[in-house]
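Colleague: One structure is given below, represented as structure tokens, and several questions about it will come after.
The values are calculated or read from the model by the stated rules, or taken from the named source; none is laboratory data. Every value quoted in this text rests on a predicted model; they were computed, and no experiment measured them. In this analysis, Cβ positions are derived from the backbone assuming ideal geometry, glycine residues included, and neighbour counts consider all displayed protein chains.
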């Protein structure tokens, strides 16, 4: 009996090790599988409901579309309009069919100054299909947290502006399933952004 | 040998003195950004080049369009911040670029949209230079005078000016409004 044990045990250990290795390698391959499910954003993003001039708008209204979401305010003199102009220019580089599959949402972080009418007029100047969204402060706070963004009011007693709104200046790129896939800096070149938009479709 | 050197020195001093008697600030590629309907504010951008031997500060701006202030955008990571500044320092022989995402002249409380093809009168005040008056064209959003580029020197990146801007103590000067 003691003589027979070693030759039997060794193959068993080898089989177990082989199985463990197979499981581990499979797991690693599965974990690093080449899909664009960008892990950094897996816990960011998600549905929300705000208001446009036309009524309530939710992210899930656009399930057949990719969404470009950005935060801003109309009193912003150059960053926000520059960002909207960049997105509009990037869209123009895509075929008309692709353009129709992308919805741009501009979310005001300045609900006190940005009325629904002002937001609509403002964003449609860049592209008639852009939608401006407004919410109460609590709603915006929740959404900003949800997307890992930031905004705050800063009193400017020496300026006629009264207050500025510091805010995240980047674009949130959301796929047709409503999943946040990527972000892009506000000053991304239109051609580069067009590539990122194509990848969303 | 010393003679031509002396002459050159005298000529140089003469040039510097002559230069100091009139404006040493050159303005390059000024433009005002067109505004979407309803937008209350816009901004003017330009290159301010100090050809003199003394640093100069832009201390105020006035425009025909509306109330105008000196402002600066700063990125803090992905966060955009905008703050008024009292002055913009233009180093001797150096430049300051007013551009989107950086220094700008903020036009506040416009009564109507600024459209491409229109222009804005702008008056700039400096601490040790005569004031300058400019007529600045309104350009569409996203268009800068660098494209198409004819004034080659104006389109070059200016790391020195950038560096000086960052180290400039701009927040605690006396200022005029």
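Colleague: Go through segment B:56-76 and count every residue that is farther than 17 Å from residue A:72 by Cβ and in contact with a helix residue (DSSP H, G or I) (Cβ under 9 Å, 6 or more places away or on another chain).
Modeller: Summing the residues that are farther than 17 Å from residue A:72 by Cβ and in contact with a helix residue (DSSP H, G or I) (Cβ under 9 Å, 6 or more places away or on another chain) in segment B:56-76 gives 1.
Colleague: So, of the residues in segment A:89-109 that are crowded, with 22+ Cβ neighbours inside 10 Å and within 12 Å of chain B (Cβ to nearest Cβ), which turns out to be farthest from residue A:155 (Cα to Cα)?
Modeller: By that ranking, first place goes to A:90.
Colleague: Here is a further query. Being within 14 Å of another protein chain (Cβ to nearest Cβ) and over 14 Å from the mean Cα position of the chain (by Cα) is the filter here; which residues of segment A:63-72 pass it?
Modeller: Across segment A:63-72, the qualifying residue is only A:72.
Colleague: Considering A:183, A:188, which residue is over 22 Å from residue A:63 (Cα atoms) and either modelled with pLDDT of 95 or more or touching a strand residue (DSSP E or B) at 6+ places or on another chain (Cβ under 9 Å) (or both)?
Modeller: Being over 22 Å from residue A:63 (Cα atoms) and either modelled with pLDDT of 95 or more or touching a strand residue (DSSP E or B) at 6+ places or on another chain (Cβ under 9 Å) (or both) holds for just one of A:183, A:188, which is A:188.
Colleague: Sticking with this one: Sort out which residues of segment A:35-51 are in contact with a strand residue (DSSP E or B) (Cβ under 9 Å, 6 or more places away or on another chain) and at pLDDT 85 or above, and write them in order of number.
Modeller: A:44, A:45, A:46, A:47, A:48, A:49, A:50, A:51
Colleague: Please verify whether residue A:60 is closer than 17 Å to residue A:114 by Cβ, more than 14 Å from every other protein chain (Cβ to nearest Cβ) and surrounded by fewer than 21 Cβ atoms within 10 Å (Cβ to Cβ), treating the condition exactly as stated.
Modeller: Here the answer is no, as residue A:60 does not meet what is asked.
Colleague: Right, residue B:47: modelled with pLDDT of 95 or more, more than 13 Å from every other protein chain (Cβ to nearest Cβ) and under 16 Å from residue B:123 (Cα atoms) or not?
Modeller: Numbers: modelled with pLDDT of 95 or more: yes; more than 13 Å from every other protein chain (Cβ to nearest Cβ): yes; under 16 Å from residue B:123 (Cα atoms): yes.
Considered against the rule, which asks whether it is modelled with pLDDT of 95 or more, more than 13 Å from every other protein chain (Cβ to nearest Cβ) and under 16 Å from residue B:123 (Cα atoms), residue B:47 comes out as yes.
Colleague: Take the residues in segment A:121-138 that are under 22 Å from the mean Cα position of the chain (by Cα) and either modelled with pLDDT under 95 or surrounded by fewer than 21 Cβ atoms within 10 Å (Cβ to Cβ) (or both); name whichever of them is nearest to the other protein chains (Cβ to nearest Cβ). First the steps, then the outcome.
Modeller: If we filter segment A:121-138 for residues that are under 22 Å from the mean Cα position of the chain (by Cα), which is where we start, we get A:122-124, A:126-138.
From the residues that got through so far, the ones that are either modelled with pLDDT under 95 or surrounded by fewer than 21 Cβ atoms within 10 Å (Cβ to Cβ) (or both) too are A:124, A:127-129, A:135-138.
Numbers: A:124: 8, A:127: 11, A:128: 12, A:129: 15, A:135: 19, A:136: 21, A:137: 18, A:138: 21 Å.
Taking the candidates together, the pick is A:124.
Colleague: Restricting to segment B:73-83, name every residue that is on the phi < 0 side of the Ramachandran plot and surrounded by fewer than 20 Cβ atoms within 10 Å (Cβ to Cβ).
Modeller: B:74, B:75, B:76, B:78, B:79, B:81, B:83
Colleague: Only one of A:86, A:115 is within 12 Å of chain B (Cβ to nearest Cβ) and crowded, with 19+ Cβ neighbours inside 10 Å; which? Explain how you work it out, then say what you get.
Modeller: Numbers: A:115 fails: crowded, with 19+ Cβ neighbours inside 10 Å.
None of the others qualify; the one that does is A:86.
Colleague: Now for a different question. Taking segment A:73-83, which residues are more than 9 Å from chain B (Cβ to nearest Cβ) and either more than 22 Å from residue A:148 (Cα to Cα) or within 16 Å of the chain's Cα centre (by Cα) (or both)? Give the steps one after another, and end with the answer.
Modeller: Residues of segment A:73-83 more than 9 Å from chain B (Cβ to nearest Cβ): A:73, A:83.
The answer is A:83, and nothing else.
Colleague: Here is a further query. Among residues belonging to segment A:170-187 that are over 16 Å from residue A:106 (Cβ atoms) and more than 12 Å from chain B (Cβ to nearest Cβ), point out the one that is surrounded by the fewest Cβ atoms within 10 Å (Cβ to Cβ).
Modeller: A:177
Colleague: Among the residues of segment B:29-52, count how many are under 11 Å from residue B:90 (Cα atoms) and in a loop (DSSP other than H, G, I, E, B). Full working, then the answer.
Modeller: So in segment B:29-52, the residues under 11 Å from residue B:90 (Cα atoms) come out as B:47-52.
Add one more test, that the residue is in a loop (DSSP other than H, G, I, E, B), and what stays is B:51-52.
So the answer is 2.
Colleague: Further question: Which condition does residue A:141 not pass, out of (1) in contact with a helix residue (DSSP H, G or I) (Cβ under 7 Å, 6 or more places away or on another chain); (2) under 23 Å from residue B:82 (Cα atoms); (3) more than 14 Å from every other protein chain (Cβ to nearest Cβ), if it passes all the others?
Modeller: Going through (1) in contact with a helix residue (DSSP H, G or I) (Cβ under 7 Å, 6 or more places away or on another chain); (2) under 23 Å from residue B:82 (Cα atoms); (3) more than 14 Å from every other protein chain (Cβ to nearest Cβ) one by one, residue A:141 breaks only (1).
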